[in-house]
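The values are calculated or read from the model by the stated rules, or taken from the named source; none is laboratory data. Owing to the predicted nature of the structure, the values given are computational and were not obtained by experimental measurement. Here the Cβ is made from the backbone with ideal geometry for all residues, glycine too, and neighbour counts use every protein chain on show. Note: accessible area is taken over every heavy atom of the protein model, side chains too, but ligands, DNA and RNA are not part of it. Shrake-Rupley method; radii C 1.70, N 1.55, O 1.52, S 1.80 Å.
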Amino acid sequence: HINFLPEHDAQLLKSDGWLHRTGIQFHWHNHGFTNFDAFLRSLSSRKRKNIRKERASVVEAGVTILRLTGDEITSDHIDKFYRFYISTIDRKWGGAYLTHEVFNQLRQTMANKMLLIMAERNGQIIGGALNFIGEDTLYGRNWGADVEIPNLHFEACYYQAIDFAIQHGLQRVEAGAQGFHKVQRGYLPVITHSVHFIPHDGFRNAVSHFLQTERQGVEAEKNHFSLASPFKDPSS
């Protein structure tokens, strides 16, 4: 199995007998924005006002956002973030496949490639989002919080990531899969590709039939999401 490879490579392997699967992620693209307000000006008036309202509500709730990377990330920050990570897993009935030691190792070996966005209120860190910094892309990965504050998730995971990407000249923010709410905040659907080699004829045929049907659904879903784009109509 090879995941998240370029479409060209996927097509080459498909011609060599590998099964090709598509999926959807949500990415924000930097169209030469000079700051966050420049990004907002590219949106429709209603979406622009909504984002400003959401960001203001977080400030009004008494939350301060800390953007930490490199030596700014301490072991205490990692301890708190791991607690947030576990609480999110527990609420979603998921499996905690990352251990506390994993986050410690990340801090010790590649802290300069980590962006830890922490939310602080009344002197206490109450939530955080973990991102990884690539050559031209910011990769959003995990999020969690101790308390429910309206719009904090959007601020920590989406708006702060966009702001950081603009300030550091990054071309893209990858926010992962799932969520119509991401489209409303500037993250548009992108088709992703994976390939899978299955030597058993019967199993391969069954999976191939499923993938053909799934691919049609993925394309229809992408088109549906694209219709909800918050950006201004360039023809208007």
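So, restricting to helices (runs of 4 or more DSSP H) that lie completely within the stretch 1-119, which ones have at least 2 residues that are hydroxyl-bearing (Ser, Thr, Tyr)?
In the stretch 1-119, the matching helices (runs of 4 or more DSSP H) lie at 45-60, 75-91.
Looking only at residues that are in contact with a helix residue (DSSP H, G or I) (Cβ under 9 Å, 6 or more places away or on another chain) and open to solvent by less than 60 Å² (accessible area, probe 1.4 Å) in the stretch 58-72, which one is farthest from residue 136 (Cα to Cα)?
Once the filter is applied, the top-ranked residue is 61.
Checking residue 102 against (1) among the β-branched types (Val, Ile, Thr); (2) open to solvent by less than 20 Å² (accessible area, probe 1.4 Å); (3) free of Cβ contacts under 8 Å to residues at least 12 places away in the same chain, which single condition isn't satisfied?
Tallying (1) among the β-branched types (Val, Ile, Thr); (2) open to solvent by less than 20 Å² (accessible area, probe 1.4 Å); (3) free of Cβ contacts under 8 Å to residues at least 12 places away in the same chain, residue 102 fails exactly one: (2).
Quick check: anything in the stretch 4-11 within 19 Å of residue 174 (Cα to Cα), of a type in the set (A, V, I, L, M) and open to solvent by less than 30 Å² (accessible area, probe 1.4 Å)? Talk me through it step by step, then tell me what you get.
Step one: filter the stretch 4-11 for residues within 19 Å of residue 174 (Cα to Cα), giving 4-7.
Now drop any that are not of a type in the set (A, V, I, L, M), which leaves 5.
Of the ones still in play, those that are also open to solvent by less than 30 Å² (accessible area, probe 1.4 Å) are 5.
Within the stretch 4-11, one or more residues are within 19 Å of residue 174 (Cα to Cα), of a type in the set (A, V, I, L, M) and open to solvent by less than 30 Å² (accessible area, probe 1.4 Å).
Would you please name the residue that is farthest from residue 232 (Cα to Cα), looking only at residues in the stretch 12-45 that are hydroxyl-bearing (Ser, Thr, Tyr) and surrounded by fewer than 17 Cβ atoms within 10 Å (Cβ to Cβ)? First the steps, then the outcome.
Quick first cut of the stretch 12-45, residues hydroxyl-bearing (Ser, Thr, Tyr) only: 15, 22, 34, 42, 44-45.
Next, only the ones that are surrounded by fewer than 17 Cβ atoms within 10 Å (Cβ to Cβ) stay: 15, 34, 42, 44-45.
Details: 15: 39, 34: 18, 42: 6, 44: 5, 45: 8 Å.
Checking each candidate, the answer is 15.
Just checking, does the stretch 165-184 include any residue being within 23 Å of residue 6 (Cβ to Cβ), modelled with pLDDT of 95 or more and of a type in the set (Lys, Arg)?
Yes, some residue in the stretch 165-184 is within 23 Å of residue 6 (Cβ to Cβ), modelled with pLDDT of 95 or more and of a type in the set (Lys, Arg).
Could you give me the residue pairs with C-beta distances under 7 Å whose first residue belongs to the stretch 1-23 and is under 7 Å from residue 195 (Cα atoms), whose second residue is open to solvent by 100 Å² or more (accessible area, probe 1.4 Å) and not in a helix (DSSP H, G or I) wherever it lies, and which are 6+ apart or on separate chains?
If the second residue must be open to solvent by 100 Å² or more (accessible area, probe 1.4 Å) and not in a helix (DSSP H, G or I), the pairs left are 18/197.
Could you pull out the residue among 211, 130 that is open to solvent by less than 20 Å² (accessible area, probe 1.4 Å), in a helix (DSSP H, G or I) and either more than 20 Å from residue 59 (Cβ to Cβ) or among the aliphatic types (A, V, I, L, M) (or both)?
Result: 211 is the single residue among 211, 130 that is open to solvent by less than 20 Å² (accessible area, probe 1.4 Å), in a helix (DSSP H, G or I) and either more than 20 Å from residue 59 (Cβ to Cβ) or among the aliphatic types (A, V, I, L, M) (or both).
In this structure, does residue 138 turn out to be open to solvent by less than 40 Å² (accessible area, probe 1.4 Å), free of Cβ contacts under 8 Å to residues at least 40 places away in the same chain and not in a strand (DSSP E or B)? Explain how you work it out, then say what you get.
Details: open to solvent by less than 40 Å² (accessible area, probe 1.4 Å): yes; free of Cβ contacts under 8 Å to residues at least 40 places away in the same chain: yes; not in a strand (DSSP E or B): no.
Spelling it out, it is not the case that residue 138 is open to solvent by less than 40 Å² (accessible area, probe 1.4 Å), free of Cβ contacts under 8 Å to residues at least 40 places away in the same chain and not in a strand (DSSP E or B).
With respect to residue 232, determine if the residue is among the basic types (Lys, Arg) and either over 13 Å from the mean Cα position of the chain (by Cα) or open to solvent by 20 Å² or more (accessible area, probe 1.4 Å) (or both).
For residue 232, the condition - among the basic types (Lys, Arg) and either over 13 Å from the mean Cα position of the chain (by Cα) or open to solvent by 20 Å² or more (accessible area, probe 1.4 Å) (or both) - is met.
If I filter the stretch 8-19 for residues that are at pLDDT 95 or above and within 20 Å of the chain's Cα centre (by Cα), do I get at least one hit?
There is no residue in the stretch 8-19 that is at pLDDT 95 or above and within 20 Å of the chain's Cα centre (by Cα).
Among the residues in the stretch 146-156, are any of a type in the set (A, V, I, L, M), crowded, with 19+ Cβ neighbours inside 10 Å and under 14 Å from residue 27 (Cα atoms)?
Initial filter on the stretch 146-156 (of a type in the set (A, V, I, L, M)): 147, 149, 152, 156.
Within this subset, residues satisfying the condition of being crowded, with 19+ Cβ neighbours inside 10 Å are 149, 152, 156.
Applying the additional criterion that residues be under 14 Å from residue 27 (Cα atoms) yields none.
Taking every residue of the stretch 146-156 in turn, none turns out to be of a type in the set (A, V, I, L, M), crowded, with 19+ Cβ neighbours inside 10 Å and under 14 Å from residue 27 (Cα atoms).
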